[in-house]
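Below: the structure, in structure tokens.
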Amino acid sequence: MKYGVCNWIFGDEPLEETASRLSTLDYDGVELKGDLELYDPAQVKALLADHGLRVLSLTPQDVDLPHPDAGERGKAVDYYLRLLDFAAALDCPLVCCHGAVGRIRALTTYEQEYVNFVVGVQRIAARAEEMGLRIAMEVLNRYESHLLNTAAQAMNFIADVGASNVGLLLDAYHMNIEEADLRSAILTAGERLFLFHAADSNRASIGRGHTDFLGLMRTLQGIGYDGAIIVECTASGPDPFTPVKGEGWREEVTQYAAESIKLLRLYEEMVQ
Ligand code: LER
Ligand code: MN
């Protein structure tokens, strides 16, 4: 198993500082913010390599693939196509994908936006296929997105897309809200599980909430999961759409990152 941390959880901290925070912890890499203006791929690769890290996956920006307006959809597809080039330049094998985080209802109808989403992802997947890249559709909770809230819905969605390089990104925090049973959701995804985001039920570090992570690790091992596990905790406090909370928030998420990797590695050993 490979382990990483999303760098968005450290806010606008320069990547060099985040990398040096992580270098003393037992991580393999990061999920990098898909900010095409901010990062130079060659510099990112060199900087991370200096700290024994690499880019495992990319977090997309908030573009809106299902949007009813063709101009908005075009901008979103264009962004993802550029994100694929960015991924290739970073030697990153996988790009995450979701609707605009925070848009929780359809502007027209669910059905229409669903079709828009399928068509947009088909275009991105076709280019990704040519480049040997994979797309992981993130399943978000209902307070962040109206489109794909459960593993079962997302499996139907990828069947509608019909591309073998499109799979699922399950996030334990969102699953805790939407899934009747977290382990069954992992089984539902099976070999189409391409990426896993890890935080406890309250989005704190593994062990600080009520999610049975040992059970999840056992289930991941049971399906032969060989993707990465990306820690995506946030400090306590209001507003789920920003990592920036009260005083000391960066130290809090650093502590969460440190605690999470210890437990994840321990649980991995226990389920061998
Ligand atoms: C948002 O809550 C989330 O889980 C991220 O992975 C979105 O990129
Ligand atoms: Mn996530």
Return the ratio Rg/(2.2 N^0.38 Å) for the stretch 208-250, where Rg is computed over Cα atoms only. 1.59
Taking only the alpha-carbon positions of the stretch 195-272 and ignoring solvent, what does the Debye formula give for the base-10 log of I(q)/I(0) at q = 0.23 Å⁻¹? -1.04
Which of the peptides 182-190, 42-50 is most tightly packed, and how do the rest follow, judged by the mean count of other Cβ atoms within 10 Å per residue? 182-190, 42-50
Please give the contour-minus-distance gain from S23 to V244: 0.36 nm per residue of separation, less the Cα-Cα distance, rounded to one decimal in nm. 77.4 nm
Using the Karplus equation 6.51 cos²θ - 1.76 cosθ + 1.60 (θ = phi - 60°), what ³J(HN,Hα) coupling, rounded to whole Hz, does each residue of the stretch 179-190 give in order, writing x for Gly and Pro? 8, 5, 8, 5, 5, 4, 4, 5, 5, 4, 6, x
So the FRET efficiency between D78 and R265, C-beta based with R0 = 41 Å and rounded to 0.05, is 0.55
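I'd like the projected area of the stretch 125-222, averaged over all directions, using the convex hull of its alpha carbons. Report it in nm² with one decimal. Could you put the intermediate results ahead of the total?
Values: hull surface 25.6 nm².
The Cα convex hull of the stretch 125-222, projected and averaged over all directions, gives 6.4 nm².
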Using a basic spin-label model with each label point 7 Å from the Cα along Cα→Cβ, how many nm lie between D181 and R142? 2.1
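Kirkwood Rh and Cα-based Rg: tell me the resulting Rg over Rh for the stretch 2-271, rounded to two decimals. Write out the running numbers ahead of the final one.
On the way: Rg = 17.4 Å, Rh = 18.6 Å.
Radius of gyration relative to Kirkwood radius: 0.94.
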So what is log10(I(q)/I(0)) for the stretch 1-45 at q = 0.14, 0.22, 0.26, 0.32 1/Å, when the Debye sum runs over its Cα atoms only? -0.31, -0.78, -1.07, -1.41
For the stretch 152-205, what is the Kirkwood estimate of the hydrodynamic radius, computed as the reciprocal of the mean inverse distance between distinct Cα atoms, to one decimal in Å? 11.6
Share of antiparallel DSSP beta bridges in the chain, in percent to the nearest 5? 0
Under a crude label model (7 Å from the Cα following the beta-carbon direction), how far is Q112 from A42 in nanometres? 4.7
Per the 1/(1 + (r/R0)^6) rule, R0 = 30 Å and r from the Cβ atoms of K2 and D69, FRET efficiency to 0.05 is 0.20
Report the full-extension gain for the segment D85 to N156: residue separation times 0.36 nm, less the Cα-Cα distance, to one decimal in nm. 22.8 nm
The distance between the Cα centres of the stretch 119-191 and the stretch 194-272, in whole Å, is 19
Value of [θ]222 nm, deg cm²/dmol, for the chain, DSSP H segments ≥ 4, -39500 (n - 2.57) each, nearest 500: -14000 deg cm²/dmol
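Read-outs: derived from the displayed coordinates by stated rules, not from any lab. All figures in this text were calculated on a predicted structure; none of them were measured in a lab. No Cβ is skipped: glycine too gets one built from the backbone with ideal geometry, and neighbour counts run over all protein chains shown.
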